[in-house]
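The values are calculated or read from the model by the stated rules, or taken from the named source; none is laboratory data. Worth saying up front: this structure is predicted, and the values here are computed from it rather than measured. Here the Cβ is made from the backbone with ideal geometry for all residues, glycine too, and neighbour counts use every protein chain on show. We work out accessible area using only protein heavy atoms, side chains counted, and drop any ligands, DNA or RNA first. Shrake-Rupley method; radii C 1.70, N 1.55, O 1.52, S 1.80 Å.
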Protein chains: 2
Amino acid sequence: MRHLKLTIAYDGTNYVGWQIQANGISIQQRLEESWESVTGENRRITASGRTDSGVHALGQVCSVSTESLLPTASLVRALNAQTPYDISVLSVEEAPAGFHAIRDAIQKTYKYHIQNGRILDPLRLRTCWFVPGDLDIEAMQRAARSLTGEHDFASFESAGAERSTTIRNVIELKIDNERVHGFPGLEISITANGFLYNMVRNMVGTLVRVGRRREEVEWVRWVRDQKDRKYAGQTAPAHGLFLDHVVY
Amino acid sequence: MRHLKLTIAYDGTNYVGWQIQANGISIQQRLEESWESVTGENRRITASGRTDSGVHALGQVCSVSTESLLPTASLVRALNAQTPYDISVLSVEEAPAGFHAIRDAIQKTYKYHIQNGRILDPLRLRTCWFVPGDLDIEAMQRAARSLTGEHDFASFESAGAERSTTIRNVIELKIDNERVHGFPGLEISITANGFLYNMVRNMVGTLVRVGRRREEVEWVRWVRDQKDRKYAGQTAPAHGLFLDHVVY
């Protein structure tokens, strides 16, 4: 049995998310169908994490085991000929026996894009959150310091996917100005050893409350210390979120 | 009567183009409907040029005359509340009497985005042309020199919109490497005192033949000198094209 690591990119707009579900088409379903077309094998393909409907990926990593003897470069070409245009296979690599995209992940980086100012950028409707008005980026950067390091991040976990522990280590949280098509905005980049359900989107919604001056910088630390989701800001919409890359 | 200059941005994907047509929804129609909702006036709104279906704009300029007394900032807010999300009004300014978006334009800049390499970027399906494989950008840049300056550009005019003269002055034609989402590509920026029908897309299709090494650098000058569309390369697809800005 051969073990492979697939790196893929997708526009999540038209999918119910990564995971196969009864109520619509998932990225996993399309990828497994493409795998079957190419290899004849009906295989489970596992991703490093389940992205929700509307969430995009530039470097999602998947694991699959196979009896296929096709060289990796041929698999890339053949899979891309089968996947829809909004899912691309960036690479296929040989992986060690037992390689598992979830268990073996050491850290992941998500990026979240916000467009602000007075006017909506009509060319980024699917890929960033429009927050009208000004954002105090400097206050958001100071508030973000309470969200780095090892903490119990229960305040930023949405209900629906209980994990054994809510302690995670946020290795880096960067907030940078970004100007796209002449419109002002921010890129929030978060790297951690693991993420709770909706953790990035809940952190972004919380930081934006500070950016809009609805809350003080210190409020974010207080929210974190409550270890209760009800104190945090809104869950930022899915379509601004990108799974950027995964480290193994 | 008041004369106004509107600057607008749009994603052209879901429209038949700028101009009102019987076979579908145009940007002009949606903008004129929005104007009527806001002012009660049924007015003709004229754009600097008719963009085709799928072509985008970041700085299209329009002229309209009005009896409305609404301040320009209120018009921006009120119009954006009426237009669909994929059309934004960036600014409304007072213009001199008789201001006309077509006749008064001194020069326009279009940008064309190409993504190349082996793999399609699933996040730019609507906004760039995927040209698989390598492109010799240095050869394209040398070939582009034949397309700058004042020339008869009849070879780059598609049928369907005859102009009185096919002489235009291309003030600048720049080709730059561009990397988006980790995928390689090019941005081709063309500034001229006016454009023939499909001129940018026909130039891009012609330059890409050189980039793909199907033709020599010198071929582009030869094509230009034929003054006949049948010698040029393909018309590059609409969705890579952006009307960037117009100078008055």
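Test B:LEU31 against the criterion of being closer than 25 Å to B:GLY194 by Cβ, within 13 Å of chain A (Cβ to nearest Cβ), of a type outside the set (Asp, Glu) and open to solvent by 10 Å² or more (accessible area, probe 1.4 Å), and give yes or no. No; evaluated as a whole, the condition is false for this residue.
With respect to the conditions (1) open to solvent by less than 20 Å² (accessible area, probe 1.4 Å); (2) in contact with a Phe, Trp or Tyr (Cβ under 8 Å, 6 or more places away or on another chain); (3) more than 13 Å from chain A (Cβ to nearest Cβ); (4) not charged (D, E, K, R), B:SER68 falls short on a single one, namely (2). Select, from A:ASP86, A:ASP121, A:ASP52, the only residue that is assigned by TED's automatic domain parsing to the domain that holds A:LEU186 and of a type in the set (Asp, Glu). Only one candidate qualifies: A:ASP121. Across the range B:84-97, the qualifying residues are those that are touching a helix residue (DSSP H, G or I) at 6+ places or on another chain (Cβ under 7 Å) and at the interface with chain A (Cβ under 8 Å from one of its Cβ atoms), and the one among them that is farthest from B:GLY12 (Cα to Cα) is B:VAL89. Considering the range A:156-181, the residues that are surrounded by fewer than 16 Cβ atoms within 10 Å (Cβ to Cβ) and among the polar types (S, T, N, Q) include one that is modelled with the lowest pLDDT, namely A:SER164. When the range A:169-194 is limited to residues that are within 16 Å of the chain's Cα centre (by Cα) and of a type in the set (Gly, Ala, Ser), the one that is nearest to A:TYR110 (Cα to Cα) turns out to be A:SER189. Can you confirm whether A:PHE153 is under 30 Å from B:GLY59 (Cα atoms) and either hydrophobic (A, V, I, L, M, F, W, C) or open to solvent by 30 Å² or more (accessible area, probe 1.4 Å) (or both)? No. If the condition is being buried (at least 22 other Cβ atoms within 10 Å of the Cβ) and not aliphatic (A, V, I, L, M), then the range A:207-232 contributes only A:GLY211.
Total residues in the range B:119-168 satisfying the condition of being under 20 Å from the mean Cα position of the chain (by Cα), closer than 30 Å to A:TYR15 by Cα and hydrophobic (A, V, I, L, M, F, W, C): the figure is 5. None of B:VAL247, B:VAL208, B:VAL217, B:VAL223 is closer than 21 Å to B:ARG126 by Cα, among the hydrophobic types (A, V, I, L, M, F, W, C) and in contact (Cβ under 8 Å) with a residue 60 or more places away in the chain except B:VAL208.
Of all residues assigned to the range B:61-83, at least one qualifies as being in a strand (DSSP E or B) and under 16 Å from the mean Cα position of the chain (by Cα). Quick check on my filter: what residues within the range A:12-22 are open to solvent by 40 Å² or more (accessible area, probe 1.4 Å), under 21 Å from the mean Cα position of the chain (by Cα) and of a type outside the set (Val, Ile, Thr)? Within the range A:12-22, A:ASN14, A:GLN19, A:GLN21 qualify. Among (1) open to solvent by less than 30 Å² (accessible area, probe 1.4 Å); (2) more than 14 Å from chain A (Cβ to nearest Cβ), where does B:HIS56 come up short? It fails just one condition, (2). Restricting attention to the range A:119-136, the residues being in a loop (DSSP other than H, G, I, E, B) and within 13 Å of another protein chain (Cβ to nearest Cβ) number 8. Across the range A:96-118, the qualifying residues are those that are open to solvent by less than 20 Å² (accessible area, probe 1.4 Å) and assigned to a loop (DSSP other than H, G, I, E, B), and the one among them that is farthest from A:ASP52 (Cα to Cα) is A:ASN116. When B:ALA47, B:ALA9, B:ALA81 are checked against the criterion of being open to solvent by less than 60 Å² (accessible area, probe 1.4 Å), at pLDDT 95 or above and within 13 Å of chain A (Cβ to nearest Cβ), a single residue qualifies: B:ALA9. Here B:GLY240 meets each of (1) out of contact with any His (no Cβ under 9 Å at 6 or more places or on another chain); (2) closer than 24 Å to B:ARG124 by Cα with one exception, condition (1). Contact map, the range A:169-182: first residue closer than 30 Å to B:ILE87 by Cα and not assigned by TED's automatic domain parsing to the domain that holds A:GLY211, second residue among the polar types (S, T, N, Q) and crowded, with 17+ Cβ neighbours inside 10 Å, Cβ cut-off under 8 Å, separation 6 or more or different chains; the map is empty.
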